[in-house]
Each structure stands twice: as C-alpha cells, then as structure tokens.
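Below is one structure; the comments refer to it alone.
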Amino acid sequence: MRNNKLLGNFILLMTAFIWGMSFAFQKEGVTAIAPFTFGASRCTLSAISVWIVALLFERGKTRTTEYKKTTIKGGIICGVFLTIACNLQQIGLVQTSAGKGAFITALYMLLIPIIGVLFLKQKIGKRAWFAVAIGVAGMYLLCISNDFSVGGGDIYVLGCAVFFALQMLAVDKYAPNANPLFMSAIQFTMNAVIS
C-alpha cells in the first residue's frame, strides 16, 4: 500500500513537472507556427494516440445505446471547450511569458468551484474559498504591472482558464456514464478538426 502511494505521488509530481515545462515549449512553438496550427498538430497526435489505446482496450466490449450517446455527447462538448481553451492559451502565449501563462492557466482550479457555485448551485467549503482568495491575490501580484494594467496575452490566457474550468466540469458530468477513453479520443479529435 505504501509503495502504491509513493508511486502515485511520484506520477503526480512528474505530471506537474511535464505540464509546467510544456509552457516553455508552447511559447517557443508559437514563434515558429501559428497558434491554431500548433493546436491542431498537437491534438492530432493526441487523438491518434488515444484512439489507438481506446480501440485496443475496448475491443469486443458491448455497450448500451445510451452509454454510447453519452460518450459521444460528452466527447463533443468537452472537445469544444478544450478547443477554445487551448487556442486562447496559444494566442495568449504570443503576448505573455510562459510563467505567467502557466500561473493564469492554473487558475482554472479556482474557477471550477466558483462556476459550480454560481451556475450549478454546488456548495463549497471555507478552505476552497480561502484557496480562491490566495489564487486571486497571487494572480494580481504576478500579472498587474506598475501602471495597474493587464496585458492582452494575460486576458486571452484567463479566458483559457475559464474554458478549461468548463471542460473539467463537463468531464465531471459526462465521464461517470461514458467510456472515458473514447470520450477523450472524441474530445481530442474535435480539437484537432476545429483548430
């Protein structure tokens, strides 16, 4: 049990490290190709990879029609939100630094409970509100310049955080009654096609 917990923590640490490092590569990527081309290329590779895994693991399994419909609907809705989020992020990274882009994008974690309370009538505890307050204060200190202005790239990346939050809420809604592998494959396919 202890080894599983250590392995899980290590995998989460590596995921955070890779995610954080990816912003430097994304920032470099937008200097070479347009944001939509970058997004389409990245999600085409993702879609191909996830389709292969989904087809290998789900071969021969039968599912109900409702299950399939939920998988397709969830994949499309999540894909639209993911497309908007990823492309706003790439456009924003043209005008802002990789560090600011990563921090502002991570605000989706704070936006999820806010959107949940305002639009989905969810209840959140005091700790979550405390985390939201710290996140907003951190964003202010990181993003606001001496003349109290916010850069254009920062606004795009903040929009990206909103759509990542919506995508996560959509995943939370559809994934329990859908095939997560196929839903992910559809989501990445939508992103590649729209981009």
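The values are calculated or read from the model by the stated rules, or taken from the named source; none is laboratory data. All values reported here derive from a predicted model rather than from experimental measurement. Here Cβ is always computed from backbone atoms with ideal geometry, including for glycine, and neighbour counts include all displayed protein chains. In case anyone asks, the SASA skips ligands and DNA or RNA and just uses the protein heavy atoms, side chains included. Shrake-Rupley method; radii C 1.70, N 1.55, O 1.52, S 1.80 Å.
General observations
- Count of the stretch 7-52 residues which are more than 16 Å from LEU88 (Cα to Cα), loosely packed, with under 10 Cβ neighbours inside 10 Å and polar (S, T, N, Q): 0
- A single member of VAL94, VAL117 is at pLDDT 80 or above and closer than 18 Å to SER22 by Cα, and it is VAL94.
- If you check VAL80, VAL94 for being farther than 30 Å from ILE134 by Cβ and open to solvent by 50 Å² or more (accessible area, probe 1.4 Å), only one passes: VAL80.
- Residue count for the stretch 19-52, restricted to those that are modelled with pLDDT under 80 and either under 18 Å from the mean Cα position of the chain (by Cα) or of a type in the set (Asp, Glu) (or both): 10
- Just one of the listed residues (VAL150, VAL136) is surrounded by fewer than 19 Cβ atoms within 10 Å (Cβ to Cβ) and assigned to a helix (DSSP H, G or I), and it is VAL136.
- Failed item, numbered, when LYS123 is tested on (1) assigned to a helix (DSSP H, G or I); (2) over 30 Å from ARG59 (Cα atoms): (1)
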